[in-house]
Number of protein chains: 2
Amino acid sequence: MLIPLIALLAVAQTPPAVLATASAPPLPSDVMEGDWRPIPDDELLVMTLAGGRTVVIRLAARFAPEHVANVRTLARAGWWDNESVYRVQENWVAQWGDASEKKAMAPGVRQAPAAEFEIARFDAAQTLSRPDSYSARSGFTADGWPIASDGKAAWLTHCYGMVGVARDALPSTGSGSELFTPIGQSARRLDRNYTVVGRIIAGMQYLSALPRSEAAMGVYATAGERTGIVSVKLASDLPVAVRPRYEYRSTDNPRFAAYIKLREVAAPPTVPTGASVCDVPLAVRRAGGK
Amino acid sequence: MLIPLIALLAVAQTPPAVLATASAPPLPSDVMEGDWRPIPDDELLVMTLAGGRTVVIRLAARFAPEHVANVRTLARAGWWDNESVYRVQENWVAQWGDASEKKAMAPGVRQAPAAEFEIARFDAAQTLSRPDSYSARSGFTADGWPIASDGKAAWLTHCYGMVGVARDALPSTGSGSELFTPIGQSARRLDRNYTVVGRIIAGMQYLSALPRSEAAMGVYATAGERTGIVSVKLASDLPVAVRPRYEYRSTDNPRFAAYIKLREVAAPPTVPTGASVCDVPLAVRRAGGK
């Protein structure tokens, strides 16, 4: 079958380890068992859509603590339960929450948290070799987040699958009740203009493959087009027996450095093209093989 | 409703003119009537999917003449009729053609055309202000194609919605019978490694919103998952009465230069972020308001 063979390197959520067979020696870029580290249960948000489709979001707790606190409060209040994915705009974003804008906030939610567009410093464990169209430096934190900097400020990048906080006009930052994720080309123009609260680590296809709306801003014109949200819960609030556990691939090791290099400098006869912060897969896996 | 307001600038196929209201003076970036130029009928490929969903592809005839010649021969032979979209891989590509690989080529198709990964020169009418992760220079040809260069070679870029020719391992270039389009983050690692034959200018949502396959390489495991292709025809071979006509927004004018600048340097208080060759919308419209 004629297929872009390079695709094998592009599977976003498949550990690169699958590239090595049992009989082949490990590559310098292969993930090792010790590279996997657990994601805390209270940094996992489990969104169940109609039909039982599950989307799992890793929360960026240390980068956007105020907004993540709101997200946790909203989840614990069941605030999103029976709400919907109400906006799906082609090559732009899918967005969910309360389409009516009339629902009362859950108690304890800060309506106007401090802006968390930027983070304190560029703490990348790995830095890409070239500047890109949006930033002088970019790379990955040790714990697997994409990050960029202009040499002064730093910020998480709005790559495909990152979760941002919708808002009104600046200087509003949004409370965190309305969330969106880029479903096409990365939305890097939103960097430092919107707060990033997480990244979708499982079930992205249940958002990216939703029907697009051709109405203004991609907001579904009718309620019937929306996809219902059954529930949104923190994994830490689920019974242990059904609680999903995930691990991320850490980047502060020579295997990940070699993995980036493989993407930046392709093997001949393929022409090397480079790699951007939004096209280096950041692997996660279910813990314990569950 | 809380929405990323910047999205208004991100609607890929909506002319920027919609940003100006009747009462507002035109912006320097507003498209003028004379900026629209016709796309020749024999450079439009009309793919009708099951259910009457229509995908329109603009062919890159002057950049990949050998492969586009094959595509025209295949369309005129009805070669794709009753074939399918057989591969949809999350955050990677949708691909169509003959899933069996056993169908005889149409007469006149060159099985091994010359590689057309690169084009003669970087003939951009507008150049973006920064290098990106993949190229020293990038921009847009006068006739609305995204293009990049390393200072020597030049090439069309594998942005979202571009149409590439699937192939086996290098040095194969593929005949053009199996085609793919990126449906997530741009696939710039394919630049100069695959031949680009076109760009989807209408109906992209009928490919991008197809269900993803979790089988190897995103190839549907069963025939029932595929989306049928009713027909693929050149617009020039359709009866005049039903022939779609499209115009592209030319870029060799100060309006388009100002439009790029608007995206690179946002209006305060929004932080300027930059723009990449894959996130500047290249507008098209139906001619004659049809």
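For this structure, a couple of remarks:
- Some residue of segment A:263-272 being assigned to a loop (DSSP other than H, G, I, E, B), buried (at least 18 other Cβ atoms within 10 Å of the Cβ) and under 21 Å from the mean Cα position of the chain (by Cα): no
- Of the strands (runs of 3 or more DSSP E) lying entirely inside segment B:89-185, those containing at least 3 residues that are within 12 Å of chain A (Cβ to nearest Cβ) and more than 29 Å from A:Pro131 (Cβ to Cβ) span B:93-97.
- Looking only at segment B:238-272, and only at residues there that are under 30 Å from B:Ala75 (Cβ atoms) and β-branched (Val, Ile, Thr), the one that is nearest to the other protein chains (Cβ to nearest Cβ): B:Thr251
- If the condition is being of a type in the set (A, V, I, L, M, F, W, C) and over 17 Å from the mean Cα position of the chain (by Cα), then segment B:233-251 contributes B:Leu238, B:Val240, B:Ala241, B:Val242.
- Scope segment A:186-204; condition facing chain B (nearest Cβ under 7 Å) and of a type outside the set (Asp, Glu); matching residues: A:Ser186, A:Arg188, A:Arg189, A:Leu190, A:Arg192, A:Asn193, A:Tyr194, A:Met204
- Scanning segment A:189-199 for residues that are outside any loop (DSSP other than H, G, I, E, B) and touching a Ser or Thr at 6+ places or on another chain (Cβ under 6 Å) returns a single hit, A:Arg189.
For (1) over 20 Å from the mean Cα position of the chain (by Cα); (2) in a strand (DSSP E or B); (3) farther than 30 Å from A:Ala94 by Cβ, each residue gets a yes or a no:
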{"site": "A:Pro25", "(1), (2), (3)": "yes, no, yes"}
{"site": "A:Val31", "(1), (2), (3)": "yes, no, no"}
{"site": "A:Arg37", "(1), (2), (3)": "no, yes, no"}
{"site": "A:Asp42", "(1), (2), (3)": "no, no, no"}
{"site": "A:Thr48", "(1), (2), (3)": "no, yes, no"}
{"site": "A:Gly51", "(1), (2), (3)": "yes, no, no"}
{"site": "A:Val55", "(1), (2), (3)": "no, yes, no"}
{"site": "A:Arg58", "(1), (2), (3)": "no, yes, no"}
{"site": "A:Ala61", "(1), (2), (3)": "no, no, no"}
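- A:Val242 more than 25 Å from B:Gln89 (Cβ to Cβ) and free of Cβ contacts under 8 Å to residues at least 40 places away in the same chain: yes
- Some residue of segment A:169-187 being modelled with pLDDT of 95 or more, of a type in the set (A, V, I, L, M) and touching a helix residue (DSSP H, G or I) at 6+ places or on another chain (Cβ under 6 Å): yes
- Search result, residues across segment B:15-47 that are in contact with a strand residue (DSSP E or B) (Cβ under 9 Å, 6 or more places away or on another chain) and modelled with pLDDT under 95: B:Pro15, B:Pro16
- Residues of segment A:160-214 satisfying the condition of being in contact (Cβ under 8 Å) with a residue 40 or more places away in the chain, among the hydrophobic types (A, V, I, L, M, F, W, C) and under 15 Å from B:Ser208 (Cα atoms): A:Ile183, A:Met204, A:Leu207, A:Leu210
- Of the residues examined, A:Ala166 is one that is at pLDDT 95 or above and closer than 29 Å to A:Ala106 by Cβ.
- Restricting attention to segment B:205-229, the residues that are more than 9 Å from every other protein chain (Cβ to nearest Cβ) and touching a helix residue (DSSP H, G or I) at 6+ places or on another chain (Cβ under 8 Å) total 4.
- Matching residues, segment B:157-177, being within 13 Å of B:Ile57 (Cα to Cα) and among the small types (Gly, Ala, Ser): B:Gly161, B:Gly164
The values are calculated or read from the model by the stated rules, or taken from the named source; none is laboratory data. None of these values were measured; they are calculated from a predicted model. Every residue, glycine as well, gets a Cβ built from its backbone with ideal geometry; the counts of neighbours run over all protein chains shown.
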